[in-house]
């Protein structure tokens, strides 16, 4: 199996190299081949993606050396990738002067060495004073093994220093696949995104239901011949995607070179019963990411294990003002199962009533208070006005001691 990536010297580069296999040794006959793109400002083309946190250490791994003139304060990291037989690639950061890490060595060819690599200079260095700052590198072409030979994958790196012992290093995908994918005989513009930045494009949600573990599919609601495609439908790489009122099975190449969406056959879905107050709920898991709207007749979803991503509703207060509420950031223990063996709709008990709370913490002898609005499962709830104001006025906090000698009211501020 092979597909060609052409090299074009333009604003967006497409790289020439053979493609590797996906889920199976050979792609499905109805698979649609996608083109590979890489870009420094990748977020302006595919939206915001996740990154991979790389744990730095000053101790060099066994057998790994850097040139003597590489720089000062060397920090070593490992970029995790299932595309490499060892499961990772070595990288090292150093400072040419001062304390900011502005030099990078990466094992781009996978030989386990850094001494044979050419140092990469940060293309952007932002300083904040006091030795704090951030350096950006890339895109860096990584040569990864594939079934038909090497493939090229581009990474961006970031190294930030927030204090003497506070260094954060991360890697993010600087590439994506894009093309037209057939859905029920019609071609739709599509993007396949390595959201977790590990070099593979077919990762599904992990057992811990970590939202950032699944790769992404962006599909346009417009046909491929439309003047300007709009990628307004976001999906997880999983067993299925839902388009309209139909489910489609997903087959994605591990290296991202192709994608196939087929109507799901003999799929038994589970009906969800949303609270009347909610307008919609988003759930996700290994089966995929599904938006359940209040206007759906059955609120269907494939059986499986899920977590809530978000819910939303609207309400009108006694003064006639309309408010929009959104619940997000659910606790890890809020996972739930949808079983195909259950007869009838399954109740989804989330949303209002809401609980307002105030958290207090001590910082350098001072009291710091934070107001929060939470839902039934402990999720964070945001509120916005639909009546002309962008957001409601910040709440106030009144503190009174037991004998009333201290009685003050404070105004919270938006952070």
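Bear in mind these aren't lab numbers, they're just calculated from the coordinates by the rules spelled out. If you're wondering where the values come from, they're calculated on a predicted model, not measured in any experiment. Note: ideal-geometry Cβ built from the backbone for every residue, glycine included; neighbour counts use all protein chains shown.
Given only helices, namely DSSP H runs of n ≥ 4 each adding -39500 (n - 2.57), what is the per-residue ellipticity at 222 nm of the chain, to the nearest 500 deg cm²/dmol?
0 deg cm²/dmol
Please give the FRET efficiency for residue 411 paired with residue 314, using the beta carbon to beta carbon distance and R0 = 30 Å, rounded to the nearest 0.05.
Given R0 = 30 Å and the Cβ-Cβ separation, E is 0.65.
Please give the FRET efficiency for residue 342 paired with residue 383, using the beta carbon to beta carbon distance and R0 = 25 Å, rounded to the nearest 0.05.
The value I calculate is 0.15.
How far apart, in nanometres, would the label points at residue 354 and residue 40 be if each is projected 7 angstrom from Cα along the Cα-to-Cβ direction?
Going from the residue 354 label point to the residue 40 one covers 4.2 nm.
Treat each spin label as a single point 7 Å out from the Cα along the C-beta direction, and report the residue 372 to residue 118 distance in nm.
Spacing of the two 7 Å Cα→Cβ label points: 5.0 nm.
Over segment 268-415, what is the relative contact order in whole percent, taking alpha-carbon pairs under 8 Å and six or more residues apart?
It rounds to 20 percent for segment 268-415.
Using a 10 angstrom cutoff on alpha carbons, build the Gaussian network for the chain and name the most mobile of 321, 132, 143.
Fluctuation is largest for 321.
Compute the semi-axes of the equivalent ellipsoid of segment 31-151, taking the square root of 5 times each eigenvalue of the Cα gyration tensor, and list them largest first in whole Å.
Whole-Å semi-axes of the equivalent ellipsoid: 26, 21, 12.
With the chain treated as a Gaussian network of Cα nodes joined by springs under 10 Å, which of 280, 63, 199 yields the largest mean-square fluctuation?
Evaluated over the chain, the most mobile residue of the options is 63.
Compare 52, 126, 293 in a GNM of the chain, Cα atoms joined below 10 Å, and give the one with the largest fluctuation.
126
Can you list, largest first and rounded to whole Å, the semi-axes you get for segment 263-380 by taking the square root of 5 times each eigenvalue of its Cα gyration tensor?
They are 33, 19, 11 Å, listed from largest to smallest.
On alpha carbon coordinates alone, what is the Rg over Rh value for segment 351-403, Rh being the Kirkwood radius?
Ratio of gyration radius to Kirkwood radius for segment 351-403: 1.06.
Taking P(r) over Cα pairs in 10 Å bins from 0, in percent straight from the coordinates, which label in (i) 4, 18, 20, 17, 12, 10, 9, 6, 3, 1, 0; (ii) 4, 21, 32, 26, 14, 3, 0; (iii) 4, 18, 24, 24, 19, 9, 2, 0, 0 is the correct one?
Entry (iii).
Pairs of alpha-carbon atoms within less than 8 angstrom and 6+ residues apart define the contacts here; what relative contact order does the chain have, in percent?
For the chain, the relative contact order is 11 percent.
Percent antiparallel among DSSP beta bridges with both residues in segment 293-415, to the nearest 5?
100 percent
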